1. Can you find, within region 5-14, the residue that is modelled with the lowest pLDDT among those that are in a helix (DSSP H, G or I) and more than 28 Å from Gly267 (Cβ to Cβ)?
2. Would you be able to tell me the number of residues in region 457-484 that are free of Cβ contacts under 8 Å to residues at least 40 places away in the same chain and in a helix (DSSP H, G or I)?
3. Taking the conditions exactly as written (modelled with pLDDT under 70 and loosely packed, with under 10 Cβ neighbours inside 10 Å), does Pro470 satisfy them or not?
4. Mind listing whichever residues of region 419-433 are under 17 Å from Leu221 (Cα atoms) and either in contact with a Phe, Trp or Tyr (Cβ under 9 Å, 6 or more places away or on another chain) or among the β-branched types (Val, Ile, Thr) (or both)?
5. Identify all residues within region 259-289 that are more than 30 Å from Ile62 (Cα to Cα) and out of contact with any Phe, Trp or Tyr (no Cβ under 7 Å at 6 or more places or on another chain); write none if there are none.
6. Go through the residues of region 171-178 one by one and say whether even a single one is touching a Leu at 6+ places or on another chain (Cβ under 9 Å), at pLDDT below 85 and in a helix (DSSP H, G or I).
7. Restricted to region 211-234, and to residues that are polar (S, T, N, Q) and either at pLDDT 75 or above or assigned to a helix (DSSP H, G or I) (or both), which residue is surrounded by the fewest Cβ atoms within 10 Å (Cβ to Cβ)?
8. Select the helices (runs of 4 or more DSSP H) contained entirely in region 15-106, then report the ones holding at least 1 residues which are without any contact (Cβ under 8 Å) to a residue 12 or more places away in the chain and not basic (Lys, Arg).
Amino acid sequence: MLEAFSYFTTVWFDPSLLMLVALGTFAGIYVGAIPGLSVTMAVSILISFTFSWEVYSALSLIVGIFMGGVYGGSRTAILLNIPGAPSAIATAFDGYPLAQKGQAGEAIGVSTVMSAVGGFIGISVLAVAAPTVSEFALTFQPRDYFLLAILGILLVGSLSGESLAKGIFAGALGLLIGTVGLDPLTAQERFTFGMIDLWGGISFIAVMIGMFGISEALIQLRHLDKTAVKQKIDRIVPSWASVRKYLPLSLQTSSIGVIIGALPGTGGDIAALMAYDHAKRVTKSPEVPFGQGAKEGLVAPETANNAAVGGAFIPMLTLGIPGDAVTAIIIGALYIHGLNPGPMLMVDQPQMFWFIVGALVLANIFMLIFGLTGIRLFTKIVELPRAMLIPMILMLSIVGAFAVNNSITDVYWMLGFGVLGYFMKLYGYQVGPVILGVILSRLIDENWRRAIISDRESLSELFTGIVTSPLSLLLFIAVILIFVSQTPLWTRAKRRLFSRAPDAAP
């Protein structure tokens with residue numbers, strides 16, 4: 001135990017490593033806040049600069065970038081309705097309405113503190129229960145991933161506003177967009193219309209920025225005469241009473257984040273959306289309705305996506321399987337430095353495991369410190385006149401879409417989806433389900449066919465596998481229950497049940 005503690009504190013008492021974690025976290029926050037400049041991109045670029053470094057120094061910088069970048073996407077999601085990262089999509093649902101009410105400072109403060117809570121919970125699970133959680137994640141079969149993705153698609157009921165039908169349409173549109181390109185298994189063209197530029201599919205980042213950023217700029221053009229909302233910056237750090245109020249929800253959604261983060265091929269974006277849906281289901285009487293500035297709508301996704309960071313390291317360090325795209329790149333960095341992540345890492349080199357845990361804790365602390373600074377300056381963005389704010393949104397959107405692949409085609413797609421998002425909002429369609437459909441389309445597509453292939457191309461064998469596997473059966477029952485709970489018939493029945501007035505007193 002003392003030996004593990006000494007490895008854990010290595011990064012804490014070495015000034016150079018301490019500075020590298022701080023620098024990485026600071027840079028990650030502001031890279032994550034810029035749409036299109038993803039954490040994955042930043043980490044992959046860093047490897048080319050750090051491959052000649054000593055391994056501890058390289059990991060300190062990379063871990064800081066990772067932790068800061070996941071949180072950083074919430075800044076522009078709250079202030080401009082442009083998620084800086086996919087994991088911040090759900091944050092925009094209630095964060096941006098809060099900014100429009102003049103509470104941007106409070107919204108950023110709540111998201112920062114609760115992100116730190118989620119981060120600490122994820123790291124704690126990594127430190128205490130890594131082997132157990134990784135073994136559980138390894139039991140997931142392709143059919144389980146397929147059922148998990150179907151559960152995600154059923155989130156349209158939470159993201160579709162008043163009309164479930166409109167939400168289903170928007171989710172299906174997202175699935176259609178996600179299937180454009182070459183088939184991942186057969187390399188057959190799908191919806192490419194003979195255009196080579198579509199072989200690689202439509203960039204998810206271009207869709208996200210267009211649907212959120214450009215559509216919002218077009219909406220704002222209709223209200224140029226409206227004065228900017230003055231932001232209240234009297235309280236940034238939430239009170240202890242607020243933290244205590246949201247702590248039970250944050251513990252629940254952090255658990256979702258850790259589990260989803262530990263599943264190979266998933267990530268903080270899916271965890272955040274599932275956590276948002278969970279918050280809507282368990283919060284009986286929020287002070288403000290979800291989608292209009294509910295604080296629970298900030299707490300749930302922000303705790304989940306930061307808890308997913310610790311979860312993503314679990315299969316990477318214990319099994320050598322990446323939990324998401326960033327940990328896949330980190331595995332490459334470890335190989336470059338002569339390390340072999342997997343079951344023997346904790347036996348042969350336990351100091352590396354505990355060093356990474358210590359660096360994650362330190363990065364989470366720096367994230368809290370840096371996240372609570374500069375808020376007054378950031379909130380000035382929302383107070384700018386609309387004639388200045390709209391060009392800024394357009395510029396950020398164009399730069400973000402182009403930066404993904406250095407392709408002007410992505411900019412065109414982004415503008416096109418921005419116009420589509422504008423008309424969808426105009427006619428009462430939510431853009432959230434479209435983004436969810438794009439995110440989950442590949443997960444559904446690949447794992448459906450893997451499940452069919454593994455069960456010898458027989459639907460009956462697939463169904464038998466679902467019934468005989470406890471995990472698959474549990475997920476299948478959850479799919480059925482969630483689907484039934486979102487039907488109009490169930491909604492009317494529940495409304496009648498809870499609206500019965502008590503008998504009058506004699």
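1. Within region 5-14, the subset in a helix (DSSP H, G or I) is 5-8.
Keeping just the survivors that are more than 28 Å from Gly267 (Cβ to Cβ) gives 5-6.
Working: Phe5: 62, Ser6: 67.
Restricting to residues being in a helix (DSSP H, G or I) and more than 28 Å from Gly267 (Cβ to Cβ), the top hit is Phe5.
2. So the first thing to find is which residues in region 457-484 are free of Cβ contacts under 8 Å to residues at least 40 places away in the same chain, and the list is 457-461, 463-464, 467-468, 470, 473-474, 477, 480-481, 484.
Next cut, in a helix (DSSP H, G or I) only: 459-461, 463-464, 467-468, 470, 473-474, 477, 480-481, 484.
Going through region 457-484 one residue at a time, the tally reaches 14.
3. Values: modelled with pLDDT under 70: no; loosely packed, with under 10 Cβ neighbours inside 10 Å: yes.
Judged against the criteria, Pro470 is not a match.
4. Listed by number, the residues that qualify are Val419, Gly421, Phe423.
5. Start the filter on region 259-289 by keeping residues that are more than 30 Å from Ile62 (Cα to Cα), which leaves 277-289.
Hits for region 259-289 are Asp277, His278, Ala279, Arg281, Val282, Thr283, Lys284, Ser285, Pro286, Glu287, Val288, Pro289.
6. yes
7. Let us first name the residues in region 211-234 that are polar (S, T, N, Q), namely 215, 220, 227, 231.
Add one more test, that the residue is either at pLDDT 75 or above or assigned to a helix (DSSP H, G or I) (or both), and what stays is 215, 220.
Values: Ser215: 24, Gln220: 16.
Taking the candidates together, the pick is Gln220.
8. Details: elements: 15-32, 39-50, 55-80, 89-100.
Ranges flagged: 15-32, 39-50.
The values are calculated or read from the model by the stated rules, or taken from the named source; none is laboratory data. Quantities reported herein were computed from a predicted structural model and do not represent experimental measurements. Glycine also receives a Cβ, built like all others from the backbone with ideal geometry; neighbour counts cover every protein chain displayed.
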